[in-house]
Amino acid sequence: MNNLKHIEDYFIKLHRSFGISELSYQNRRLELDESNMKQLVFASEAFDEEFENLVDHCSMIYDELQKGFSLKIRKDVNNNYLVNVI
């Protein structure tokens, strides 16, 4: 992926801003974990503004992989963020 660092940075920023730690993108459809949806209720206006950008980033990954994917963001023991695409 040409923009790997940019994509990692974007999803880490999204996690810090909205608490989204997992998502799935299958058949050009974005799915968020139920626990993330509960958190987004309180940040709905800000997230609404970010949603289209999120879908664009997911589409970019989908086009590169040529298949659906799941994405998880975790912190390691040194407080570094890890973005895993499965």
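The values are calculated or read from the model by the stated rules, or taken from the named source; none is laboratory data. Keep in mind that what you see is a predicted model, and the values were worked out from it rather than measured. Using ideal geometry, Cβ is built from the backbone for each residue, glycine included, and neighbour counts are taken over all protein chains shown.
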Test: Ser24 is touching a Phe, Trp or Tyr at 6+ places or on another chain (Cβ under 9 Å), part of a helix (DSSP H, G or I), at pLDDT 90 or above and of a type in the set (Ser, Thr, Tyr):
no
So for the range 28-39 (the condition being at pLDDT 90 or above, surrounded by 12 or more Cβ atoms within 10 Å (Cβ to Cβ) and of a type in the set (S, T, N, Q)), does at least one residue qualify?
no
Residue list for the range 1-21, restricted to those being assigned to a loop (DSSP other than H, G, I, E, B) and either modelled with pLDDT of 90 or more or crowded, with 16+ Cβ neighbours inside 10 Å (or both)
Ile20, Ser21
Which of the residues spanning the range 1-32 are farther than 13 Å from Glu50 by Cα and of a type in the set (A, V, I, L, M)?
Met1, Leu4, Ile7, Ile12, Leu23, Leu30, Leu32
Filter the range 41-86 down to residues that are in contact (Cβ under 8 Å) with a residue 40 or more places away in the chain and either outside any helix (DSSP H, G or I) or surrounded by fewer than 11 Cβ atoms within 10 Å (Cβ to Cβ) (or both), then give me how many there are.
9
